[in-house]
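Visitor: Pasting in a structure now, in structure tokens, and then I'll have a few things to ask.
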Amino acid sequence: MNKKPLIVGNWKMNPSSLVDSKKLLRKISQKVSKIKKATVVVCPPSLFLLGLKGDYKGSKISFGLQNISSEKAGAYTGEVSANMLSKAGGKFVILGHSERRAMGETDDTISKKIKLALSENLTPVICIGEKVRDTQGEYLLFLKTQISETLSSVSKRDLSKIIIAYEPVWAIGEGSRAMTPRDVHETVLFLRKTLSDIYGKKEAMETKFLYGGSVDFSNARAIMIDGDVDGFLVGRASLDADTFVRIIESTV
Ligand code: 13P
């Protein structure tokens, strides 16, 4: 494949200890070192980031977190700032994941977080996705509004510094099924058109899109080829080193 795939592992609230996180990362790292062409990012729970990074200096794996604060610094109990992530050596941050939106995160908050991430030279991986697909196409209007409002703080110049992860909520998690490559293609086309109306055609065409939602080694290659995406945001399958690496291998 021509493009350099980007595969981001979202570990969510797993594994349960730093020791287990290190074991998982060691296995991934050993296998991934042979794959030249892909960019591989791991987003562990924030508590484990420094411990993992320390062990994998110089490895091919980049690190990120699954969230940052919408505030720069100060009295915000329980929060981790963009600046802290950047100083810890993180390069990426997942923002606006549907599981965080379900906890009350709004487009407005996400938009503030994107701004802070960019100010620290982090690459935001911004999640977009409809909860349900209706037959009247209402979900298209939902997606259009969501992407426009979430990106309201992103300038034309900064569009190339962000990545959009299209994750239909109904396709995420145990027991769900990934979207068909054709449907991924159609939706990404629609999202690009929305970006084109806001930012211009060239900028929209150059924007990187990931797909997320029940990605596995059995469906990754087809979605990558026929879905018009640049890579994947992987949940469950990123917690199994063999499966995660097979997904990466299938994209190169
Ligand atoms: P699954 O791969 O477990 O469906 O999760 C997708 C996801 O939420 C990645 O951010």
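Visitor: Please determine, by comparing only the residues of region 221-232 that are of a type outside the set (V, I, T) and part of a helix (DSSP H, G or I), which one is farthest from the ligand (Cβ to nearest atom).
Guide: Taking region 221-232 as the starting set, the residues that turn out to be of a type outside the set (V, I, T) are 221-222, 224, 226-228, 230-232.
Within this subset, residues satisfying the condition of being part of a helix (DSSP H, G or I) are 221-222, 224, 226.
On the way: R221: 16, A222: 16, M224: 15, D226: 19 Å.
The qualifying residue farthest from the ligand (Cβ to nearest atom) is D226.
Visitor: Considering each residue of region 30-50, count those that are of a type outside the set (S, T, N, Q), surrounded by fewer than 15 Cβ atoms within 10 Å (Cβ to Cβ) and at pLDDT below 95, and give that number.
Guide: Residues in region 30-50 being of a type outside the set (S, T, N, Q), surrounded by fewer than 15 Cβ atoms within 10 Å (Cβ to Cβ) and at pLDDT below 95: 3 in total.
Visitor: If you go through region 175-192 one residue at a time, do you hit one that is more than 20 Å from D134 (Cα to Cα), of a type outside the set (S, T, N, Q) and modelled with pLDDT of 95 or more?
Guide: The answer is yes; a qualifying residue exists.
Visitor: For the subset of region 203-242 comprising residues that are within 14 Å of the chain's Cα centre (by Cα) and aromatic (F, W, Y), which member is nearest to P124 (Cα to Cα)?
Guide: Among residues in region 203-242 that are within 14 Å of the chain's Cα centre (by Cα) and aromatic (F, W, Y), the one nearest to P124 (Cα to Cα) is F209.
Visitor: In region 185-220, what residues are within 16 Å of the ligand (Cβ to nearest atom), of a type outside the set (G, A, S) and part of a helix (DSSP H, G or I)? Spell out the reasoning first.
Guide: Initially, region 185-220 is screened for residues within 16 Å of the ligand (Cβ to nearest atom), giving 187, 208-220.
Remaining after also requiring of a type outside the set (G, A, S): 187, 208-211, 215-217, 219.
Within region 185-220, T187 is the sole residue that qualifies.
Visitor: Go through (1) touching a Cys at 6+ places or on another chain (Cβ under 7 Å); (2) farther than 22 Å from D230 by Cα; (3) among the aliphatic types (A, V, I, L, M) one by one and return the number of the condition A102 breaks.
Guide: Answer for A102: the failing condition is (1).
Visitor: Looking at region 146-164, I want the residues that are more than 27 Å from V234 (Cβ to Cβ) and have a partner that is in a loop (DSSP other than H, G, I, E, B) with Cβ atoms under 7 Å, at least 6 apart or on another chain. Which pairs are those?
Guide: Sorted first by the residue in region 146-164, then by its partner, the pairs are K156/G200.
Visitor: Only one of (1) in contact with a Ser or Thr (Cβ under 7 Å, 6 or more places away or on another chain); (2) farther than 21 Å from F63 by Cα; (3) of a type outside the set (D, E, K, R) fails for Q146. Which number is that?
Guide: For Q146, the failing item is (1).
Visitor: Can you work out which of the residues in region 169-184 that are near the ligand (Cβ under 10 Å from one of its atoms) and part of a loop (DSSP other than H, G, I, E, B) is surrounded by the fewest Cβ atoms within 10 Å (Cβ to Cβ)? Don't jump to the end; show me each part of the working.
Guide: Here is the first cut: in region 169-184, the residues near the ligand (Cβ under 10 Å from one of its atoms) are 169, 171-178.
So of that shortlist, the ones also part of a loop (DSSP other than H, G, I, E, B) come out as 172-178.
Numbers: I172: 22, G173: 14, E174: 7, G175: 5, S176: 15, R177: 10, A178: 23.
My answer is G175.
Visitor: Only one of G74, G78, G89 is touching a Lys or Arg at 6+ places or on another chain (Cβ under 6 Å), over 30 Å from E186 (Cα atoms) and either of a type in the set (F, W, Y) or assigned to a loop (DSSP other than H, G, I, E, B) (or both). Can you tell me which?
Guide: One residue alone meets the criteria, G89.
Visitor: Also, quick follow-up: Can you report the number of residues in region 70-107 which are within 16 Å of the ligand (Cβ to nearest atom) and surrounded by 18 or more Cβ atoms within 10 Å (Cβ to Cβ)?
Guide: 10
Visitor: Under 6 Å between Cβ atoms, which residue pairs at least 6 apart in sequence (or on different chains) link something in region 46-60 that is in a helix (DSSP H, G or I) with a partner that is of a type in the set (A, V, I, L, M) and at pLDDT 80 or above?
Guide: Pairs that qualify, where the first residue is in a helix (DSSP H, G or I) and the partner is of a type in the set (A, V, I, L, M) and at pLDDT 80 or above, are S46/L65; S46/V80; F48/L18; L49/A88; L50/A88; G51/L18; L52/L25.
Visitor: For region 15-29, how many residues meet the condition of being of a type in the set (S, T, N, Q) and surrounded by fewer than 17 Cβ atoms within 10 Å (Cβ to Cβ)?
Guide: From region 15-29, those of a type in the set (S, T, N, Q) are 16-17, 21, 29; that's our starting set.
Still in the list and also surrounded by fewer than 17 Cβ atoms within 10 Å (Cβ to Cβ): 16-17.
Here the count works out to 2.
Visitor: Do any residues in region 110-130 that are farther than 14 Å from F209 by Cβ have Cβ atoms under 9 Å from those of residues that are among the β-branched types (V, I, T) and in a helix (DSSP H, G or I), where the two are at least six apart or on different chains, and which pairs are they?
Guide: I110/T150; S111/T150; I114/T150; E130/V169; E130/T187
Visitor: Could you tell me whether region 140-152 includes any residue that is under 17 Å from the mean Cα position of the chain (by Cα) and part of a loop (DSSP other than H, G, I, E, B)?
Guide: For region 140-152, residues under 17 Å from the mean Cα position of the chain (by Cα) and part of a loop (DSSP other than H, G, I, E, B): present.
The values are calculated or read from the model by the stated rules, or taken from the named source; none is laboratory data. Only a predicted model underlies this, so the values are computations on that prediction, with no experimental measurement involved. With ideal geometry, Cβ positions are generated from the backbone for all residues, glycine too; neighbour counts draw on all protein chains shown.
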